[in-house]
Amino acid sequence: MAMLEVKNISKSFGGLKAMNDVSISVGQGEIVSVIGPNGAGKTTLFNLITGVYTPDTGDIKFEGSSIAGKKPNQIVDLGVARTFQNLRLFMNMTILENVLVSQHHKLKSNWLSALLRTPGYLAQEKAMREYAVEKLAFFGPRLQSFRLHQPVFVLSYANRRRTEMARAMATGAKLLLLDEPSAGMNPKETREITQIIRRMRDQGGYTILLVEHKMNLVGEISDRVVVLDYGQKIAEGSYQDVVNDPTVIEAYLGKKAEGKEETEVQKAAKMDGRTI
């Protein structure tokens with residue numbers, strides 16, 4: 001049984017069909033990437049899985065139980081967490097405080113025990129702090145030591161991305177939905193985040209569904225790749241299979257000119273030795 005099963009979901013906004021009969025599965029321990037041109041429906045898919053939207057038709061199952069129609073906080077409690085294409089951090093709070101916030105739903109103490117600082121509350125607070133630091137450690141020294149207490153607004157955009165990923169991990173999630181995790185990162189930082197995502201799966205035990213535009217990252221870490229275009233799934237398979245699929249090439253680049261071995265636009269689409 002797959003950890004996540006998206007079955008024939010559709011979603012319309014007025015006359016716009018944002019998602020049209022899409023089915024995707026993610027097995028435990030897999031890294032599955034969702035790619036596609038701008039406006040293909042990638043973020044809409046994430047919003048449907050995490051309860052921001054409710055599908056018009058179809059179903060979404062996590063560990064065998066339907067989560068379609070559940071509220072986002074209920075889905076987080078079940079073990080699904082996400083990052084956002086546009087960052088959703090508390091900019092005036094510290095790195096550590098941002099990650100601690102994500103554990104609030106697990107607190108068993110009430111307001112009175114927090115006010116009185118009871119031994120039980122202090123023990124929970126200590127455990128939460130240690131757990132937050134453990135998740136931040138995945139990202140190396142950039143988010144450690146004195147930096148833990150720096151407000152997020154002083155961080156580089158790349159370190160804000162790392163902080164948001166650590167916050168999602170600290171919810172206690174089993175499935176992470178990463179929306180463009182390398183956005184705003186230079187090539188060196190992109191290589192680092194590629195290794196971190198692999199470690200999340202191999203050492204952290206997370207299952208990962210990600211949206212990404214950088215094909216070198218997708219090609220290095222994906223077990224499978226799903227391609228969306230205009231809200232429809234047009235291809236699925238290994239990285240090499242999908243990026244050389246004529247339907248995918250057409251979606252990204254337009255039809256190949258007849259009588260030419262390779263168009264100029266296809267030549268321009270080669271990145272790091274990979275054909276898109």
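Count of region 107-121 residues, restricted to those that are in a helix (DSSP H, G or I) and either touching a Ser or Thr at 6+ places or on another chain (Cβ under 7 Å) or of a type in the set (A, V, I, L, M, F, W, C) (or both), is 7.
Could we say that ALA123 is among the aliphatic types (A, V, I, L, M), modelled with pLDDT of 90 or more and more than 23 Å from VAL34 (Cα to Cα) here? Considered against the rule, which asks whether it is among the aliphatic types (A, V, I, L, M), modelled with pLDDT of 90 or more and more than 23 Å from VAL34 (Cα to Cα), ALA123 comes out as no.
Those residues that are assigned to a loop (DSSP other than H, G, I, E, B) and in contact with a Leu (Cβ under 6 Å, 6 or more places away or on another chain), I need them from region 154-185; list them, please. Within region 154-185, SER182 is the sole residue that qualifies.
Inspect all residues belonging to region 220-232 and state whether any of them is in contact with a strand residue (DSSP E or B) (Cβ under 9 Å, 6 or more places away or on another chain), more than 17 Å from VAL32 (Cβ to Cβ), modelled with pLDDT of 90 or more and among the aromatic types (Phe, Trp, Tyr). Checked against the condition, which is being in contact with a strand residue (DSSP E or B) (Cβ under 9 Å, 6 or more places away or on another chain), more than 17 Å from VAL32 (Cβ to Cβ), modelled with pLDDT of 90 or more and among the aromatic types (Phe, Trp, Tyr), region 220-232 yields at least one hit.
Would you mind finding the one in VAL80, VAL101, VAL76 that is under 13 Å from ALA168 (Cα atoms), touching a Leu at 6+ places or on another chain (Cβ under 9 Å) and not acidic (Asp, Glu)? Selected residue: VAL80, the only one of VAL80, VAL101, VAL76 that is under 13 Å from ALA168 (Cα atoms), touching a Leu at 6+ places or on another chain (Cβ under 9 Å) and not acidic (Asp, Glu). Of VAL6, VAL52, VAL80, VAL101, all but one fail to be out of contact with any Cys (no Cβ under 8 Å at 6 or more places or on another chain) and under 21 Å from ILE234 (Cβ atoms); the exception is VAL6.
Inspection of region 101-121 identifies no residue that is of a type in the set (D, E, K, R) and buried (at least 18 other Cβ atoms within 10 Å of the Cβ).
Taking every residue in region 1-17 that is surrounded by fewer than 16 Cβ atoms within 10 Å (Cβ to Cβ) and pairing it with any residue that is assigned to a strand (DSSP E or B) and of a type in the set (Gly, Ala, Ser), at least 6 positions away or on another chain, the pairs with Cβ-Cβ distances below 6 Å are ASN8/SER23; ASN8/GLY58.
Within region 15-74, the set of residues being of a type outside the set (Gly, Ala, Ser), within 14 Å of the chain's Cα centre (by Cα) and in a strand (DSSP E or B) comprises VAL26, ILE31, VAL32, VAL34, ILE35. A single member of LEU228, LEU177 is crowded, with 19+ Cβ neighbours inside 10 Å and either small (Gly, Ala, Ser) or under 21 Å from SER102 (Cα atoms) (or both), and it is LEU177.
The values are calculated or read from the model by the stated rules, or taken from the named source; none is laboratory data. Treat the numbers as computed from the prediction; the structure is a model and nothing was measured. Neighbour counts are summed over all protein chains in view; Cβ atoms, including those assigned to glycine, are modelled from backbone coordinates with ideal geometry.
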